[in-house]
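Since the structure comes first, as structure tokens, the remarks are kept for the end.
The values are calculated or read from the model by the stated rules, or taken from the named source; none is laboratory data. As the structure is a computational prediction, the values presented were derived from the model and not from experiment. Here Cβ is always computed from backbone atoms with ideal geometry, including for glycine, and neighbour counts include all displayed protein chains. When the accessible area is computed, the model is the full protein with side chains, heavy atoms only, and any ligands, DNA or RNA have been set aside. Shrake-Rupley method; radii C 1.70, N 1.55, O 1.52, S 1.80 Å.
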Amino acid sequence: MKKKQFKMTRRQLLKAGMIGGAGLMLPWKFKLPRAFAATQGPGLSDPALQPKFANAVPNALDPGFIYDTSKGKIKVAVGQTVQMTGLVAPDGVTPVSTTVWGYGDNKFYTWPGRTFQVRSYEPLEVKWENRLGGLPYLITGKDNTSLGFEDYTGRSVVDTNLHWAYSLHGYTQYSIEKDGVPIVAHVHGGHSDFQFDGNPEFFFSPNFTVRGTQWVDKKFLYDNSQPAGTVWYHDHALGITRLNVYTGMAGFYIIRDDDDTGLFGNPLDLPAFPYEAAFAIQDKMFKDNGELFYPAFPGDPFYGDFITGEDAELPPALFPGGGPTGLAEFFGDHMVVNGMIWPKMDVEPRNYRLRFLNGCDSRFLAVQFYEVPAEETDFTNANGPLPFKVIGSDQGLASAPTTVDTLLIETGSRYDVIFNFENVTPGNRVIMK
């Protein structure tokens, strides 16, 4: 049986270094000027030079990527690892790696974190561990001397002037450099008692040395008292959630029940692995050397929009050199799916079940599917948008499928769709934009 290719991309290739993506994917009557405000800067990866559809997308529902929760309890830690994302150096050839902080066990960490798969109404106990002691915060500023600013390379982007974990009353003696990164996991969309919800003030440092004002216990109990659906887990520490999630602290939490078993022959006749896949879609920025980049200093993307452009006054004593400062929004210029930039997936001419998570900081995603001739990477000869069926969202499966050709996914949300590749010309490519 000849396979077709299912390709994932944004609306079009980025041109002239401008930020694209969700703004371009919305209907033309919408205007999102801030999504286009940032430009490429020295030392940053140029998305237009990165390979498109060259690397296979990891499937978060691959059995080898799912935690063993059969005993009803599990330990999961956060630690540092190095991962290949498909990114290449400015020469367009040499692969470069990216250091991230991911979830895992037995000192094997991944971004995204491995998938929890649990049964509805069957509780799971998770002991979360923090192994981020003695590590510098990784999302560092870049050398902006060419723009007339000081060199911010190596400086943390954590804005310590915000209301955050180590600025609380009784916590100001702590710091990331001395005491480690505070974290706390939140199962987003999951049912649990308040003490296990991952409230931002339930944070804890490595070895539980520093504990948040509402910290209760090392073990979190998730009762999973809800129907089958797509849930996800991510860090939720006070004042640095955006940064901790950006570094890689996120993953899927899939709930199954007697109807949605994840197995062939299920009562709803839903596709099962390998014809079921879960994709976390995120936007990122990278340095030329593969490091993650997050704007926080003068000369960085978006700084002009939210600081100088808004006439914000940052006291020099608190913001030496103008930063680091937390910005109101972030729009990355590299689209990443399950930790891989602009990946591909080989598919057969049949129904596939695709679970989508919008794991972006600020970007809404308007998802469409287009058929193009084999090996094409743009929409010059595209046919579409193609119809597909939405069968579920944040709260689980819908009462009936809905046929659409465009799906708007807000940040943090999940949608469950069925796409039939049988209707695609054999050998052609489907681009998800």
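Annotations for the structure displayed:
- Residues with amide H under 5 Å from that of A398, placed H, sequence gap 5 or more: G392, S393
- Taking amide H atoms as placed 1.01 Å from N in the peptide plane, the amide H of T153 lies under 5 Å from those of D143, N144, each 5 or more residues away in sequence or on another chain.
- Here the sum of -39500 (n - 2.57) over DSSP H runs of 4 or more residues, divided by the residues of the chain, equals -500 deg cm²/dmol at 222 nm, to the nearest 500.
- Among the trypsin sites (Lys or Arg not before Pro) found in the stretch 179-224, those both in a DSSP coil and sparsely packed, with 15 or fewer other Cβ atoms within 10 Å of their Cβ, are K218.
- Over the chain, the ratio between the Cα radius of gyration and 2.2 N^0.38 Å evaluates to 0.98.
- For the stretch 205-290, the spread of Cα positions along the three principal axes, ordered from largest to smallest, is 48, 42, 19 Å.
- Accessible area in square angstrom per residue, the chain, 1.4 angstrom probe: 41
- Near the amide H of S45, within less than 5 Å, lie the amide hydrogens of F286, K287, D288, all on another chain or at least 5 residues away, with H placed in the peptide plane.
- Averaging 1/r across all pairs of distinct Cα atoms in the stretch 34-152 and inverting the result yields a Kirkwood radius of 17.8 Å.
- Anisotropy class of the stretch 165-239 from Cα gyration tensor, a/c 1.5 cut: prolate
- Fraction of accessible area attributable to carbon and sulfur, the stretch 112-236 (%, probe 1.4 Å): 50
- Note on the chain: antiparallel DSSP beta bridges, both residues inside, total approximately 75 percent of the bridges counted.
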